[in-house]
Amino acid sequence: MKFNKQTKNILLICVLYFINFNNIAHSQSSELFSDNLNLNAKISFDFKDLYKNTDDSTFIKSKMFYSVNGQEEDSMTVRIRVRGNFRKKICYFKPMRLEIRKKQAENTIFENNRKLKLVVPCQNEKGKDELIYKEMLAYKLFEEVSDVHLKTQPLTLKIIEKKGNKEIEHTMFAFLIEDDSKVAKRHDIKKFPKRRVSPLIVSDSSAINFTLFSYLIGNTDWSMAYQHNTEMFFNGKKLVAIPYDFDHSGLVNAYYAKPNPMLKISSVTERVYRGLCKRDPEVFSFMRDLYLSREANIYNTLNAYEDNFDEKEFNRLNKYIRSFFDIIRSDIEFKDKILSKCRG
C-alpha cells in the first residue's frame, strides 16, 4: 500500500502524539515512592555556596538531571538547602532538603512530591554507601510495624562538586524521604507544630510502638517531648509519633555515633529502653505480640539488603535483630530489660 505525502505527515503526527501521550501518562501514573523504581539523578553546585546558606528559608538553585527505569534523561531546576544538626556540622556531604516548583514538577514523578529530604553518605571515602543502606533499612523495618510511616525512595545519585574551574564527580547511594505533609494527607491526620509537648498525650499504641522500635534498632537519639528526630501528628484525639534519622542507632552503628553520657552506656549498640511507665499494660502486651507476629517480615526485609553489606556486617545485623526478638519472646527478659526499665 502506498501513501501520499499528506497521509505520511498525518501518520507521523499521530505516532509522535501517541509517543508523547504515553510519556505523559507514564510520568503521571508513576509515583515517586512506588516500588522497583530505578531512579538516577545528578545535581551540581558549589559546596561553599550551599553550606554557607544554612538558614531554613535560604535555598540555592541547581539543575537536576534524572531518569526513571532507564528511560530518556529529563531535567528540572530544584532548590536545595542543608538540613539537620549533627551531620550538618561534621559531614563532607551534608543532608539536604529539595524543593521543586509546581510548574517544574508538572507531568513528572515529582508532581505530588515537591518537598523532599535527601539522605546522602557523610564522608567521601571508600564504603561510604554502607551506612546509608543501613539507615534506609531502618526506615523499611519501621514500615513493617506501623502503617503510619515516612516513605522512602532509593536512588543512584551523582553530585558534581564545583570547585573553582574544576568539576569533581561523586557517585553514591542515597535516598529520598517524603515530606511529613504527605503522611498527614494519606492518613487524614494533622501535622503537629514543632514545640515541646508532654509525651503522655501521645497515644499509648503509638508511643509504645515508637519506643519498642527504637529498642529494636538500638536508637536512643530521640525525644518526644522536644520532638527531636520525631514527627508528631494529631489524629483528633491523641498525638501520633513517627521516628526518623537513625544514623546514631546501634543498627546503623555509624563511626561517629556516640551515646548520650546520661544513659551510662559505652556504645550505641547497647540497648536502653526509654519509654514511659504510664502506659496501658494491655496495649503493651498487644504491641509485644505485634512485633512477634512481624518477626518473619522483619528478617525478610533485612535479607533483601544482604547484597549491600559484606558478610561480617550482615551477620552482625542479623544477630543484632535476633537478640531483640530473644528479649521480647522471653517473659523474664521482657520484664527485666523493658518493663522494669521504663521511665517515670
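What follows is calculated from the coordinates using simple rules that are stated; it is not laboratory data. Computed from a prediction, not measured in an experiment: that's the story for all the values here. Note: ideal-geometry Cβ built from the backbone for every residue, glycine included; neighbour counts use all protein chains shown.
Each peptide in 308-321, 126-139 receives the mean, over its residues, of other Cβ atoms within 10 Å, and ordering these scores from highest gives 126-139, 308-321.
In the range 189-341, the inverse of the mean reciprocal separation of distinct Cα atoms equals 16.4 Å; this is its Kirkwood hydrodynamic radius. For the cross-link pairs K117/K194; K88/K335; K115/K162; K61/K140; K194/K258; K88/K134, the ones whose C-alpha atoms lie over 29 Å apart are K88/K335; K61/K140.
Run a plain Debye calculation on the range 106-213 (Cα atoms as equal point scatterers, no solvent) and give log10 I(q)/I(0) at q = 0.24 Å⁻¹, rounded to two decimals, same order as the q list. Listed by q, the Debye log ratios stand at -1.37.
Each Lys and Arg Cβ is given +1 and each Asp and Glu Cβ -1; about its Cα centre, the range 189-341 then shows a dipole of about 840 debye.
Under a model in which nothing but the beta-carbon of Lys, Arg (+1) and Asp, Glu (-1) is charged, the range 93-247 shows a dipole of about 740 debye around its Cα centre. Across the range 189-341, the mean sequence separation of Cα contacts (distance under 8 Å, 6 or more residues apart), normalised by length, yields a relative contact order of 22 percent.
Taking label points 7 Å from Cα along the Cα-to-Cβ direction, V283 and A225 give a separation of 1.9 nm. Taking other C-beta atoms within 10 angstrom as a stand-in for reagent exposure, R288, R329 fall in the order R329, R288, fewest first.
Structural descriptor for the chain: relative contact order 13 percent, calculated from alpha carbon pairs under 8 angstrom and at least 6 residues apart. Counting only DSSP beta bridges whose two residues both lie in the range 189-341, roughly 90 percent are antiparallel.
With 21 Å as the limit on Cα-Cα distance, the pairs of K312/K341; K94/K190; K238/K278 that go past it are K312/K341; K94/K190.
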